[in-house]
C-alpha cells in the first residue's frame, strides 16, 4: 500500500488533469494498492490540511479537460518561510499534513515558483516528485513543459482571426501574448500565424525599427501589419534602466505594454493601431493532442519513479526522451530564449522583424 | 451583358466573401454575360473611383475565408453629404463612378450605417441591392444577419477557455463581448458557454444584484462566477442620465465597461475579478458553416433579383425564408432585443442573472 | 415536491446533456422541490427499472459535453408491444416503473422512433413531455432539432479537410454524410463546404448527370470535384423499384452507397474516385454554440410546462419561437425536404448539381 | 540571379505550402534576385515540362492553407527508370527540364518514395535540396516530418467525437488511422484521445488479447472500449506469413483491416462493434501551429543552404535542431517505431493494450 499526495500549484494551464491521470493510471495498472490524497488549491491545501480522497474514477474522462480537478492558487505569501496570517509556520504546517497522512510521496505539478517550494520541501526530508507545468516553457531542466503547445494553439488562433480583419481594413494590429519573462510562446504563436513583427522580453525593441518594418511592408504593397507582443516586451530605453527603476515604471503603467507600443506607432506614423489581448484564454480550454500525449507520458514516468522509490526529481524531457532531473538543479533557475537561438535566426530569415 | 458593382462597407465580419461568391456564382451560372467591378475599401472606392475588375476565378475558394477580398472601411466622414477633405461632394462622386462605369446595379454589403447610405443612393436613382452583414444581428427587416453566428462561436470559445481557468482558481471572470447597442451576441455567447451573469445594453444592471448573484452561487458551493458583459452594458444609474450626459461620461471613461464592473464587484466583495476582452477576434477567422450556407443563400437570391431587374431591396430572412425587404424600410432603423423577449425569459428560467 | 423521470433514447447526438440540464435547472431555480430519476440506456431503463437518482450537481458542467450522461439505446425490439425475450409485456413494464416511482412526469429526449413510443405511453395515461433530438432534423412539428447544427459543423469540417487534398491531387472525392431518409444534413454540409454535387434521398440521381457535372467542371478548368452523398442517396433506377424490392437490394449491398456512386463514375470517366465516410463522428463531440443555446431554451420551456402541469407535448420550434406541439400530432410523421424547397433552388442557382 | 525549381510529390499533407513559403521568403529577404519555377503535380511536371513562374505574391497568405499550390501526384509508374507510356525516358526528361530552364537548384518536398527519386536526380548531377513531408513521420534522418502533428490533431479529434457516442451507447468502437507501415500516427492519436487499445504494424496483435482487454474493462465497470487501429495493423498469424503470401492476402481483402478486427471481436464477444474511418481527412485542412512553425523553419534553412550553394541535402530535425542530412543517407530508408520504444512502454504503463 502506498499513500500518494497530489497537488497543482500556480497559474493553471492545460493538461494538468492529463498529467495527474497519467500518474494515477500508471500506479493503478502496476497492481500496487494505492491511496490518493488530492490537496485542494495548491500549497494552501497542504498548509491547511484540505484534501479529498480520490480513486481511479476521479481520473476517468479528464484527459481532455482543461483546468485542474484539484484547484490551484498562486501562493498568497511572499516567501514560504513567512508565517501565514494566523502565525502558522507554513513549512511546518506542510510537513505536518504530509506526516499526519503518513504519505509515501507527494507529487507536485507546477512552474518556477512551485518548484522552489517543492525543493524546499525536499530539503526538509519529504519525498517529492514534480511535473513541469507552464504555458511559458521557461522551466530549467526540460526542453518542453505541458501547457505550452496548447497556449501556442490558442494564441495562434487569436492572431489568425485578427489576420482577416487586419487585411480587410488595412490596419496595424497588435495581439498581446502571455509571457512576462520569456518569449517562447509569443515567438511560436507569431511564427505560426505569420506575424510580421514579434516583440519579446529577450530582445528589447527600438520603436523606430518597428516603424521602419511597417513602412517597408507598405512599400511592398502590404497595407496591414500584424505585431505579436509578449506581455514582458521592453523598449531599448527601458532595458537600460536599473531593475528597480524599471519595476517602478511598470507599477505606474496603467495599461499593458501593447498600448504603449500602439501609441508610439500611431504617433510616428499617424496610422490607426488596434490592440487585442486574449489574456487568460491562453491558459484554458481542452489541451491540444501534443500536450495530452506529452503530459500522459510524463505522468507515466512519474508513476514509475514512485514505484521504484526514487524521489527528489522533476520528470522532464531532454533530446526527445523523458528523463528525471534532480529537483535541486531545477529550483530557482529560469530557462530563457537566447537572442541568438537558431529559431530567432530562422524567423529573421523569414523576414520577421524583432524591432532590434 | 450586365455590369455589376460590388462593395463591402463598415466593420468587416465573417462570410462577406461567401455572400459575394453567392451573388457572382448565381449570375455566372444563369448564363448571363456579366462584368464585375469590385470597389475597394467600401464607399471610399466608390467615391474615388478605385475598383478592380473581377471574374469568376476571384470568387473561387473564398467561401471559407474571413474578411473581404475588396477591403472595407468605416466611412471617415460624419455624414454622406459632407464634402470630403478635398471639397468633393461625396454623393455626386459616387453617382459619377456609377454612371461612368455604366453599371446596371450596385450590390452593397454592410450593416446599419451602410444601409443609410445605400438608401440615399437609391433615392438618388441608382439601382441598389444590399445584403445584411453584421456580427450584432441588429439590422431591421431581417431575423438574422451573417457574421452573427460566427461571432457567437468565437465569443463562446473564448468563454469556454476562461471557464476552466475560472473553475481552477475560484475566481470571478468577466469576458467582454462585442455589442455597443444590442445584446444579441453577448446573450447567445453567454447562454452557450454557461455564463452565470449576462449584462446587455437592453437591461441596465444594478451592481448589488450582481453581487447578490455571485454570493448566491457561493452559498450553493460554486467558487467561481462567469460574467458575459456586452461592450455597451450600462448601469441603472447611467441609464438615468440624459443621452448627452452619458455620452460625455463615456468619452471620459478610459477603460472598457468591464473594468468598471470588475472594480465595483471587487469593492463590494473583496474578491479578485479578472477581465478578458477577445475584441476584434470576434469579427475574424473562417465563417462558421451556418453563416456560409446563410450568406450563400442570400447571395443567390440577390443574383436572382438582379436578373429580374428588381432593385431597391435588401435581401433578408423572415420566418425561415429568404425575402426581399424595401431598402427604404430598412434604412435608419435598429432591430433591438426586447427585455421581455422569450429568450431572455428562458435565460432567467435557467438561473442566469441579468443584474436587474 | 415533484418526481420527474428523464430518459434519452435512440442514436445519441450532441446537446442531449445541454437539454436535460435546461429542464433540471429551470425546475430547480423555480424553487420547487424535485426528485429526479434518470433511467439508464433509453427505454430499456424504463422497462427493467434501471435508474439513478440525480441532483443538481449531476447537471453541472455538462452543457458542453457530447453524448448523454444517462446512456442511450436503440430499442432492441421490433415493436413496443412485443414481449421482451423474457416474455415481459414492455408497455406494462414501463407503466409499472412509472407508477412504482410515483412519477409526476416523464421527460423523453429522442427522435422519430422515440416519439412513437412516447405517444403510446401518453395514450396509456402517463404524463409525458418530449424534446426533439436528432442530427437529421426530420422531426415533424418543429423547424429545428438539436444535434443538427453540430452534425452540420462536423460534416462540413470533414469536407473542408478533403477539399485541400482533392485540390492538390485533382481527384473526384465523395464524402458520405449521415441521413438515410432525409437530406437536410447533407445539403447544409455540402453547401457550407462548397461541394459541387450533392446527392440526397429526396432527389434520385442520374449517374450521367453527375458525370456531366464533373466534365463541365473540367471544361471550366477545375481539376477536382467534391460530392456530398447522403447515406440514403438513391439512383433514378432504384427509385422506380417497389419499396420491397429496394429494401432487398439494400440488404444485398455490402458497401455504403458512396462506393456504388464511385464505381459508376470511375466506369464512365476513367477518373480515380476516393470515398471518405466520417460516420459516427457526426453524432459526437461537444455541441456547437447554436445547439447549446437551442437545447437550453427547449429544456427551460419543458420545465415551465411541467411546472404548469401541461403534459402530452413535444417542445418544438416554429417561426423562431419555442412552442408546444401535441405529441399525438408528432408521432409517426416525418418532416421531409421538398425537392422544390427554396434552399434547393438556391443551391442550384449557385451551380450545385443534384444529379437530376 | 538564381533560378530555383520547386515541386511537391506524393500524397499531399498539411504545411507543404508553409514550407515552400519559408524557402521563398528566406530567398527573397536575402536580397538575392531569384526566379521561381513551380513544377505542377509532382515529378510529372518535371518530366513533361509543365511549370508556372511564381513570385512572392504567390506565397503570401498560404502559411495557413492545406494542400499544395503546385498540385501533387503519386508517380504513376513503377520505377523512375521505366519509360513513360510514350516511350520517354523519364530521368532524361527530368534532366532536360532542369537544364533547359538553367536551374541552379531544385527544391523537392516529399516522403519516402519522393526521396528515392530525388537522390537519383542528385546522382545524375542535379542540385537538389529536399524537405521532409509526411503524415507518417517515417522518414529516416529526421526526428520529425511536417504534416505529422496536424494529422495527429485530426485523428485525435475524430476519436474524441467517437468517444462520446461510444460512451452513450456502451459500444466497442474502432477508429482506423492512416499508416500502412508505421504506427507513429495511430499511437499518438490513440494516446491523445484516451484509446484503450492501439493496434500498430510494429506490434502484431492477438485477437484473444484484445478480447481480454475489452473484458477487463467491462469488469472494471467501463461499458465501452475505443480501439485505434493503424491501416497496416497485422495479426500474429498474418505476421508469420511470407511477405509474398501476406501481400496476396491483402490484395484479396476487400475491406480495410478494421472490419476484420471488428468481425473477430464480434465473433468472440457477441458485442456490437462499429468502425469509423476518417481516411483522407487526416491529410487535409489547415496545418496546426506546430507544423506551421516547423515547416517555416525547415524552409528558412533550405533557403540558407541554397544561398550557400550547399546541395544534396534533406533539411531535417535532430535533437531539437534543424540540420542538413546527406540525401544519399536518407534515400530508401524507413524510420520505424521500435516495439521497445519508451513511448510504447509508457503507453503500456497507462494501461493501454497493444493486443500483444
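The values are calculated or read from the model by the stated rules, or taken from the named source; none is laboratory data. A quick note: this is a predicted structure, and the numbers were derived from the prediction, not measured. Positions of Cβ are backbone-derived with ideal geometry, glycine not excepted, and every protein chain shown enters the neighbour counts.
Taken over the stretch B:195-230, the criterion of being without any contact (Cβ under 8 Å) to a residue 40 or more places away in the chain, outside any helix (DSSP H, G or I) and closer than 30 Å to residue A:69 by Cα is satisfied by B:220, B:221, B:222. Taking the criterion of being free of Cβ contacts under 8 Å to residues at least 24 places away in the same chain, out of contact with any strand residue (DSSP E or B) (no Cβ under 6 Å at 6 or more places or on another chain), surrounded by fewer than 24 Cβ atoms within 10 Å (Cβ to Cβ) and part of a helix (DSSP H, G or I), the residues of the stretch A:261-300 that qualify are A:263, A:267. For the stretch C:212-225, the condition holds for no residue, the condition being that it is more than 14 Å from chain D (Cβ to nearest Cβ), within 18 Å of the chain's Cα centre (by Cα) and under 25 Å from residue D:281 (Cα atoms).
Out of curiosity, is residue D:14 without any contact (Cβ under 8 Å) to a residue 40 or more places away in the chain, crowded, with 16+ Cβ neighbours inside 10 Å and within 14 Å of chain C (Cβ to nearest Cβ)?
Numbers: without any contact (Cβ under 8 Å) to a residue 40 or more places away in the chain: no; crowded, with 16+ Cβ neighbours inside 10 Å: yes; within 14 Å of chain C (Cβ to nearest Cβ): yes.
No.
Within the stretch D:315-322, is there a residue that is assigned by TED's automatic domain parsing to the domain that holds residue D:173 and within 19 Å of residue D:149 (Cα to Cα)? Checking the stretch D:315-322: not a single residue is assigned by TED's automatic domain parsing to the domain that holds residue D:173 and within 19 Å of residue D:149 (Cα to Cα). Filtering B:133, B:90 for residues that are touching a helix residue (DSSP H, G or I) at 6+ places or on another chain (Cβ under 7 Å), surrounded by 24 or more Cβ atoms within 10 Å (Cβ to Cβ) and either within 27 Å of residue B:25 (Cβ to Cβ) or touching a residue at least 24 places away in the same chain (Cβ under 8 Å) (or both) leaves a single hit, B:133.
What about residue B:109, is it in a strand (DSSP E or B) and within 14 Å of chain A (Cβ to nearest Cβ)? Considered against the rule, which asks whether it is in a strand (DSSP E or B) and within 14 Å of chain A (Cβ to nearest Cβ), residue B:109 comes out as yes. The numbered conditions (1) at pLDDT below 95; (2) over 30 Å from residue A:160 (Cβ atoms) are all true for residue D:320 except (2).
Kindly check whether there is at least one residue in the stretch D:41-50 that is under 23 Å from residue D:12 (Cα atoms), surrounded by fewer than 17 Cβ atoms within 10 Å (Cβ to Cβ) and in contact with a strand residue (DSSP E or B) (Cβ under 7 Å, 6 or more places away or on another chain). Yes, because at least one residue in the stretch D:41-50 is under 23 Å from residue D:12 (Cα atoms), surrounded by fewer than 17 Cβ atoms within 10 Å (Cβ to Cβ) and in contact with a strand residue (DSSP E or B) (Cβ under 7 Å, 6 or more places away or on another chain). Restricting attention to the stretch C:301-319, the residues that are surrounded by fewer than 15 Cβ atoms within 10 Å (Cβ to Cβ) and in a loop (DSSP other than H, G, I, E, B) add up to 3.
Within the stretch C:125-171, restricting attention to residues that are part of a strand (DSSP E or B) and more than 12 Å from chain D (Cβ to nearest Cβ), the residue that is nearest to residue D:162 (Cα to Cα) is C:146. Within the stretch C:65-83, residues that are away from chain D (no Cβ under 14 Å) have Cβ atoms under 7 Å from residues that are at pLDDT below 80 in these pairs: C:77/C:84, counting only partners at least 6 apart in sequence or on another chain. Of the conditions (1) crowded, with 24+ Cβ neighbours inside 10 Å; (2) under 30 Å from residue C:272 (Cα atoms); (3) over 22 Å from the mean Cα position of the chain (by Cα), residue D:26 fails just one. Which one is it? Of (1) crowded, with 24+ Cβ neighbours inside 10 Å; (2) under 30 Å from residue C:272 (Cα atoms); (3) over 22 Å from the mean Cα position of the chain (by Cα), only one is false for residue D:26: (2).
Scanning the stretch B:173-184 for residues that are over 13 Å from residue B:344 (Cα atoms) and not in a loop (DSSP other than H, G, I, E, B), we see that the one that is farthest from the other protein chains (Cβ to nearest Cβ) is B:177. Number of residues in the stretch B:179-193 that are without any contact (Cβ under 8 Å) to a residue 60 or more places away in the chain, buried (at least 23 other Cβ atoms within 10 Å of the Cβ) and over 17 Å from residue B:144 (Cβ atoms) equals 1.
Based on this model, can you work out whether residue B:339 counts as farther than 25 Å from residue B:60 by Cα and within 7 Å of another protein chain (Cβ to nearest Cβ)? Judged against the criteria, residue B:339 is not a match.
For the stretch A:311-325, which residues satisfy the criterion of being away from every other protein chain (no Cβ under 14 Å) and under 9 Å from residue A:141 (Cα atoms)? Write out each step before concluding.
Filtering the stretch A:311-325 for residues away from every other protein chain (no Cβ under 14 Å) gives A:311-314, A:325.
Result: A:314, A:325.
Residues of the stretch B:240-260 being in contact with a strand residue (DSSP E or B) (Cβ under 9 Å, 6 or more places away or on another chain) and part of a helix (DSSP H, G or I), which ones? Hits for the stretch B:240-260 are B:257, B:258, B:259, B:260.
Say whether the condition of being in a helix (DSSP H, G or I), modelled with pLDDT under 95 and within 14 Å of chain B (Cβ to nearest Cβ) is met by at least one residue in the stretch A:44-57. Yes: one or more hits. Number of residues in the stretch C:94-104 that are over 11 Å from residue C:43 (Cβ atoms) and buried (at least 21 other Cβ atoms within 10 Å of the Cβ): the value is 1.
Name the one entry in A:123, A:176 that is surrounded by fewer than 24 Cβ atoms within 10 Å (Cβ to Cβ) and either more than 14 Å from the chain's Cα centre (by Cα) or free of Cβ contacts under 8 Å to residues at least 24 places away in the same chain (or both).
Numbers: A:176 fails: surrounded by fewer than 24 Cβ atoms within 10 Å (Cβ to Cβ).
The unique qualifying residue is A:123.
When the stretch B:17-40 is filtered for residues that are in contact with a strand residue (DSSP E or B) (Cβ under 7 Å, 6 or more places away or on another chain) and touching a residue at least 60 places away in the same chain (Cβ under 8 Å), the ones remaining, listed by number, are B:19, B:20, B:23, B:24, B:27, B:32, B:37. Let me confirm something: among B:64, B:79, which residue is out of contact with any strand residue (DSSP E or B) (no Cβ under 7 Å at 6 or more places or on another chain), assigned to a loop (DSSP other than H, G, I, E, B) and either modelled with pLDDT of 95 or more or closer than 15 Å to residue B:41 by Cα (or both)? When all the criteria are applied, what remains is B:64.
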